[in-house]
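The structure under discussion appears below in the form of structure tokens.
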Amino acid sequence: FETAYAQASWTLPSHASMFTGLDPIAHGVTSQKGRLVEAHLTVAEILRDAGYSTAAWVGRGTHSFVGSERGLAQGFDRYEHAPHAEPSLWQALLHAYDPNLKRKHKGSLGEGEAEITKVLEWLASRPPSPFFLFVHLDDVHSQPEGRPYNSPPPYHDRFCPGEVEDY
């Protein structure tokens, strides 16, 4: 995208804003311990009440920033966490290279394929009727070399040239 906007720079308040259409100050999910309160109406609740099936797959546990414990499951008929428990081969190799990387990236590398497989199974098994599906893939946060959030030049320091070499 040439231009992209988000209500927040991190997952929890961004997702609460996506689901409610509210600014983080309005929905109140602004800290790492935040939780979307049930008083806020979500798009999933609106669509469910309009007769849509609502389902979500998030590649993290219940207490993650997209977990049901954060109130983000409001309005979903089905809200699935971490679709598989077995570590991927990539995670095992990463751990063999550096045990700290496995802890840092546990649950983020190589889960997208398993998550999408479960989503496709759900889509194939359901009757043809309106639905709202939310899929959260966490793989984007990790790169094969195990350094999250590294973008290639010239993007890595586009807004502060030369100032983020060790960031």
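Taken together, the values in this text are just the output of simple stated rules run on the coordinates, not laboratory data. This one's a predicted model, so the numbers in the text were calculated from it and none came from an experiment.
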If amide hydrogens are placed 1.01 Å from N in the peptide plane, which non-local residues have theirs closer than 5 Å to the one on residue 138? 59
Got a sec to turn the phi values of segment 18-31 into Karplus ³J(HN,Hα) couplings, 6.51 cos²θ - 1.76 cosθ + 1.60 with θ = phi - 60°, whole Hz, x for Gly and Pro? 4, 6, 10, x, 9, 5, x, 5, 6, 8, x, 8, 10, 10
Sequence-distant residues sharing a close amide H with residue 132 (under 5 Å, placed H): 53, 54, 55
Apply the Karplus curve 6.51 cos²θ - 1.76 cosθ + 1.60, θ = phi - 60°, to the phi angles in segment 59-75 and return the couplings in whole Hz, x for Gly and Pro. x, 9, x, 5, 9, 6, 5, 10, x, 4, 5, 8, x, 7, 7, 4, x
